[in-house]
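The values are calculated or read from the model by the stated rules, or taken from the named source; none is laboratory data. These numbers were taken from a predicted model, which means no experiment stands behind them. No Cβ is skipped: glycine too gets one built from the backbone with ideal geometry, and neighbour counts run over all protein chains shown. Just so you know, the surface numbers come from the protein's heavy atoms only, side chains and all, with ligands and any DNA or RNA stripped out. Shrake-Rupley method; radii C 1.70, N 1.55, O 1.52, S 1.80 Å.
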Amino acid sequence: EVRFDSYEFDGCEEQVVQLEAFIARRSDAVGDAAAHPGLVIAHGLGGSASDGAASTPAAQTRSVAIAYSGPGQGASEGTGSTPDHVFDTAVDPRNSWFWGHAVAAVRAATVLETLTEVDPSRLGMTGYSAGAVATLMAGGLDDRLVATAPVSGTGHLQLAIDATPQPGWQADLLAA
């Protein structure tokens, strides 16, 4: 188990939050001279990280994996994935929990990149549901992620579009 700093927004204020994460590697990777790929794993809405969320994919993919808990989830600091924070109707997308989840993924990639057993040119990411949304966002903004595999990340767009007094930021993004 490790902890690292990340960021979230509350209104217009950037706040530092400390996140929990679990790092796992195959037992044959310890002391191995060869650098292994790094894999960031993002949990779904309402979920959190665990040691098994890192160790199972690490074993299956022969990678060094980090599974983190997004802001306010598990033992991580922050607001959490409450409905009003997920589908924040403010024009600034940084107010959404999804922004914090994606920033946490980028920060997790930085943690992996610092490990000597990780090849920093072979970083990837996967996530399920809201973790898939974070995977799509992080993959679009961080060139270090050379492979992304979002899984089942298409839910609740209608809730964002129907939000009042104005549609959520997702509607603006899709219109652009």
When residues of region 49-73 are filtered for being under 13 Å from Glu1 (Cα atoms) and open to solvent by less than 40 Å² (accessible area, probe 1.4 Å), how many remain? 9
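Here is a yes/no grid of residues against (1) modelled with pLDDT of 95 or more; (2) under 16 Å from Asp5 (Cα atoms):
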{"position": "Val40", "(1), (2)": "yes, yes"}
{"position": "Gly47", "(1), (2)": "no, no"}
{"position": "Ala75", "(1), (2)": "yes, yes"}
{"position": "Gly78", "(1), (2)": "no, yes"}
{"position": "Asp84", "(1), (2)": "no, no"}
Might you let me know whether region 123-130 holds any residue that is modelled with pLDDT of 95 or more, of a type outside the set (Ser, Thr, Tyr), buried (at least 17 other Cβ atoms within 10 Å of the Cβ) and more than 13 Å from the chain's Cα centre (by Cα)? yes
Among the residues of region 88-97, is there at least one that is open to solvent by 30 Å² or more (accessible area, probe 1.4 Å) and either under 15 Å from the mean Cα position of the chain (by Cα) or at pLDDT 95 or above (or both)? yes
Could you tell me whether region 23-35 includes any residue that is touching a strand residue (DSSP E or B) at 6+ places or on another chain (Cβ under 7 Å), closer than 25 Å to Leu136 by Cβ and modelled with pLDDT under 95? no
